[in-house]
Amino acid sequence: MGAATPTTEVDDEPGATAASTSPAADEQETPDRQTGPKAPSGKPVPANDADGSGEDDVDYYYAKGIVPARHPGRWVGTVVVGLALAGILYSLTTNPRWEWNVVAQWFTSESVIRGMGETLKLTVICGVLGFVLGFVLALMRLSSSPLFSSVSWTFSWIFRSTPLLVQMLLWYNLGYLYETISVGVPFTNITFFEVSTTTLISQFGAAVLGLTLNQAAYSAEIIRGGIHSVDHGQLEAAAALGIPPWRRSTRIVLPQAMRAILPTAFNEIIGLVKGTSIVYVLAYGELFYTVQVIYSRTQQVLPLLLVATCWYIVITSVLSIAQYYIERHYSKGAVRTLPETPLQKLRRFFTIRTQNPIGTR
């Protein structure tokens with residue numbers, strides 16, 4: 001008595017195989033899982049989204065019950081800030097006491113432009129000299145010589161501990177302490193150069209001297225901190241490769257230190273632009289002193305102060321733009337992709353809007 005042998009029915013069609021039930025086949029047979037080209041955002045979109053706008057992709061996610069996160073607080077904050085800005089702009093444009101016509105009258109006047117030129121001259125001269133001297137002081141502070149390190153520390157301590165206004169008045173009245181300034185051999189009567197102190201230290205000389213020395217004290221600490229931010233192991237590796245000390249400092253340390261130095265250094269330069277206004281105590285004709293002279297004669301105090309404010313904003317805005325591009329240059333070795341410039345962002349924005357206009361399918 002034989003056992004019954006089970007039988008299996010086989011489809012007679014030649015194209016029917018066991019592979020037809022594989023997961024890959026199921027995915028191919030499911031039309032709503034098919035994806036076509038990628039949208040500008042990089043997300044895959046359904047194959048029927050021919051223009052790549054991503055709108056059918058949104059419909060697909062809504063059909064699956066997926067909705068974007070809600071941010072009610074963000075919208076409330078946007079409305080509040082927008083209303084506040086609208087109120088400020090309305091007040092600025094409708095209040096006649098701002099006297100914008102007077103601001104426009106004096107904004108490009110010859111005396112104001114001349115005062116702005118003096119402000120820029122002081123900023124450039126004192127900024128360059130201050131950072132050069134600060135670089136020397138930073139190297140002295142990092143030196144193994146106790147004398148160099150002590151002198152650098154004492155310089156920074158004194159000039160960071162006294163107000164800039166006091167320094168200005170001290171240098172301007174230096175002639176009371178020393179009638180002449182001479183250069184020669186110490187402790188002898190041999191003199192190579194001698195000049196009257198009041199002749200050498202004029203209003204401009206006192207302004208440059210005070211701003212430069214004050215700037216150098218802060219710049220020295222900024223540069224020293226930037227140099228310390230570079231890993232010391234890189235110097236050891238460069239020394240092991242036989243790279244000379246000067247090239248180690250200029251080609252390895254300083255380019256990396258610049259990333260830490262630049263943001264604070266530009267803050268100091270912007271502060272120097274505004275700090276030049278303190279020179280008015282010396283009756284030197286920079287921007288703020290010029291504005292003071294004008295409004296003391298015309299009694300138009302607020303409009304003339306707005307003129308000075310607008311020029312300071314223009315100068316600092318130009319410096320901020322320069323800071324962005326210089327920091328972008330020195331970030332090449334620290335980031336994989338450089339941040340887009342404002343022009344590149346604007347071009348990409350209009351390119352996306354042109355290729356995928358809102359409301360098209």
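The values are calculated or read from the model by the stated rules, or taken from the named source; none is laboratory data. Given the structure is predicted, the values throughout are model-derived calculations rather than measurements. When we count neighbours, we look across all protein chains shown, and the Cβ atoms used for this are built from the backbone with ideal geometry, even at glycine. In case anyone asks, the SASA skips ligands and DNA or RNA and just uses the protein heavy atoms, side chains included. Shrake-Rupley method; radii C 1.70, N 1.55, O 1.52, S 1.80 Å.
By the scheme Lys and Arg +1, Asp and Glu -1, what is the net charge of all other residues having a beta-carbon under 12 Å from that of residue 342? Kindly include the intermediate steps, with their values, before the conclusion.
Working: positive: 328, 345, 347, 348; negative: 340.
Here the charged neighbours net out to +3.
Under the rule of at least 5 residues apart or a separate chain, name every residue whose amide H is placed under 5 Å from the amide H of residue 180.
197
Just reorder 194, 118 by solvent-accessible area, largest first, 1.4 Å probe, all chains present.
Largest accessible area first, the list is 194, 118.
Leaving out ligands, DNA and RNA, what percent of the accessible area of segment 49-204 is carbon and sulfur, probe 1.4 Å?
About 69 percent, which is the carbon plus sulfur part of the accessible surface.
How large is ³J(HN,Hα), in whole Hz, for each residue of segment 266-275 in order, when computed from phi with the Karplus curve 6.51 cos²θ - 1.76 cosθ + 1.60 and θ = phi - 60°, using x for Gly and Pro?
Running phi through 6.51 cos²θ - 1.76 cosθ + 1.60 with θ = phi - 60° gives 5, 4, 5, 5, 5, x, 5, 4, 6, x Hz.
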